[in-house]
Amino acid sequence: MISLTNVDFAYKPQRLVLDNVSLELDKGCIHGLLGKNGVGKTTLLRLISGLVFPQSGDVKVLDFTPKKRQAAFLSQIYFLGEEFFAYKTSIEVFCKIQSPFYPKFSKEEFIQYLKDFEIEDLSLKMDKLSFGTRKKVMIAFALAANTPLLVMDEPTNALDIPAKAQFRKLVLKAMNDDKCIVISTHQVRDLHNLIDNIVILDEQEVILNATNDQITKKLFFGIKGEGDTNIIYSEDTLAGKAIVKENTQNQECNLDIELLFNAIMQHKEEITKLFNL
Amino acid sequence: MKIEFNLNRFIALLKREFFVSQQKLLLGLIINMVFGGFIFLLPQSGMTNIYFFALLFVASAMAFNLYIQKLSEEQQLLLPVSNFERFLAVFVRSFIAIPLMIIIALIPGVLIMGLLSNILPDYIMPACSMQDIFDGIGRIFTAFWYIFSNYYSIFALFFFGSIFYRRYSYFKMAILMFGIAVFTLILVALVFLIMSKTFLTGNEAYHMSYYSHIVEIVGTIIGMLYSVFFVFLAYLRLTEREDK
């Protein structure tokens, strides 16, 4: 569904944000794009959406070239930025003027998603809402647009704790095998139990692109026990020493995204070698 | 360069553009009714020309405003419409819808201000007769046509500037306009010189009127070419626009 081949991108000459990035993202998955602040997560999403163009390399999304910004392409992708324009209209009018552009938009679903976020009054003015509430409206619209590709940049920023949990439920509800959802965040806990595939960006390149299953087959996440060897990374927690080690004995475990992220930041070469990257 | 156009999508886009900027538009129309109504009742037609020039200048120089502001730019560029529809919507708004709305709002504006002038004391506004009101309405059309037909190339230039530069576009465009004016003058003078050396001899007074006629025609042609060129450049710029 999304294919980047040897993509270079820079906002200023000689200062590459993405260097020779190649990446394939399939449909039927929720992809989590992780990385520290400023590593190029947003830039990557903007390249996919056609908001910025690569200096070199090729970007293909749903068999379209995003740079051309064809209407047929744009009606199949919804990009929800971290910040967004405050429409000076009511939620009802916003829906009325924005929905005709998305052929699979469902008003019923939009209203239901809003209710799930505890927003019942559609006459509320968008520009008078708090940033968090406005974000909930935008998330509800993005999900109700039912586009095959949904790209969200830091969607949980500014959401309160119950809304973050609700967000995870709604994304899972809206997901199906024909869709592809890409979520970027630096708050990895917010994506817990949500994503199927993890992409980690660091120093202008993709250092990991693997499904949860692939990761837990290669790496074991747990609390340090006696006789544990091959430990790659460990950190102290209240429950004991949380470890990431090579899963040589095919032990079953739950993926801990935060632990994985910390481990890969400190032992990049060791971990990427396991995934043949 | 393939051009995509879908009428339903285009109408939806126009509707959206209207709703997004309706507050500013309504406020502008109300100010236009009051202020414009007052100006068009004044007998000095110079003011009416300046008034229309200023309004058309603002409409063209702010045409791509939604594509300049950081957050609205993203929304505009990602809207599922073609680049051509996006461009056409801005063009229609700036050069057809807004001037039309200004003219339509000015008619009741002149009428209301004319009627009000008979109620208000003379030191605020002298009383107007029905004839003055009709003259004022007539001036709307003559002034609009005069400004639009004479300065379209300037509006086209600032229209292009509003998408080309993110900052200080008025200032940069004013410099560019000055450069273009100097270049055009040199060009016209050259044409003038070559034609006078090549074809014309004899009566100087006759030649001067002949020359000025030629200058007018050449100036109009150059102005039209500039306008088409800058409007086309604005389209190309929009297709290449990145939200950096």
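In the range A:135-162, which residues are touching a helix residue (DSSP H, G or I) at 6+ places or on another chain (Cβ under 8 Å), charged (D, E, K, R) and over 12 Å from A:Thr185 (Cβ atoms)? Within the range A:135-162, A:Lys136, A:Asp160 qualify.
Quick check: is even one residue across the range A:143-155 in the same structural domain as A:Glu82 (by TED's automatic domain parsing), over 22 Å from B:Pro80 (Cα atoms) and at pLDDT below 95? Give the derivation first.
As a first pass, look at the range A:143-155 and keep what is in the same structural domain as A:Glu82 (by TED's automatic domain parsing): A:143-155.
Now drop any that are not over 22 Å from B:Pro80 (Cα atoms), which leaves A:154.
Next cut, at pLDDT below 95 only: A:154.
The answer is yes, given that some residue of the range A:143-155 is in the same structural domain as A:Glu82 (by TED's automatic domain parsing), over 22 Å from B:Pro80 (Cα atoms) and at pLDDT below 95.
The sole residue among B:Phe141, B:Phe159, B:Phe232 that is within 30 Å of A:Val52 (Cβ to Cβ), at pLDDT 85 or above, surrounded by fewer than 17 Cβ atoms within 10 Å (Cβ to Cβ) and not hydroxyl-bearing (Ser, Thr, Tyr) is B:Phe232. Report yes if B:Phe199 is at pLDDT below 80 and of a type in the set (A, V, I, L, M, F, W, C), otherwise no. Yes: the conditions hold for B:Phe199. Scanning the range B:158-195 for residues that are out of contact with any helix residue (DSSP H, G or I) (no Cβ under 8 Å at 6 or more places or on another chain) and closer than 16 Å to B:Ser60 by Cβ yields B:Phe171, B:Ala174. Within the range A:73-98, the residues that satisfy the criterion of being touching a Ser or Thr at 6+ places or on another chain (Cβ under 9 Å), assigned to a helix (DSSP H, G or I) and either closer than 16 Å to A:Lys136 by Cβ or more than 7 Å from chain B (Cβ to nearest Cβ) (or both) are A:Phe73, A:Ile91, A:Glu92, A:Lys96. Among the helices (runs of 4 or more DSSP H) confined to the range B:31-105, the ones with at least 3 residues that are under 15 Å from the mean Cα position of the chain (by Cα) are located at B:45-61, B:83-92. A:Gln166 fulfils the conditions (1) outside any loop (DSSP other than H, G, I, E, B); (2) more than 18 Å from the chain's Cα centre (by Cα); (3) among the polar types (S, T, N, Q) except for a single criterion, (2). Within the range A:106-115, does at least one residue satisfy the condition of being surrounded by 16 or more Cβ atoms within 10 Å (Cβ to Cβ), away from chain B (no Cβ under 12 Å) and touching a Cys at 6+ places or on another chain (Cβ under 8 Å)? Yes, some residue in the range A:106-115 is surrounded by 16 or more Cβ atoms within 10 Å (Cβ to Cβ), away from chain B (no Cβ under 12 Å) and touching a Cys at 6+ places or on another chain (Cβ under 8 Å). Mind checking which residues of the range A:197-255 are assigned to a loop (DSSP other than H, G, I, E, B) and closer than 14 Å to A:Lys268 by Cα? Selection gives A:Glu203, A:Gln204.
For the range A:28-45, check the following and say yes or no: at least one residue is among the basic types (Lys, Arg) and over 14 Å from the mean Cα position of the chain (by Cα).
Taking the range A:28-45 and keeping what is among the basic types (Lys, Arg), we get A:36, A:41.
Narrowing further to those that are over 14 Å from the mean Cα position of the chain (by Cα): none.
Looking through the range A:28-45, none of the residues is among the basic types (Lys, Arg) and over 14 Å from the mean Cα position of the chain (by Cα).
Does B:Leu27 qualify as being surrounded by fewer than 19 Cβ atoms within 10 Å (Cβ to Cβ) and modelled with pLDDT of 90 or more? The answer is yes for B:Leu27.
The values are calculated or read from the model by the stated rules, or taken from the named source; none is laboratory data. If you're wondering where the values come from, they're calculated on a predicted model, not measured in any experiment. Virtual Cβ from ideal backbone geometry, glycine too; neighbours counted across all protein chains shown.
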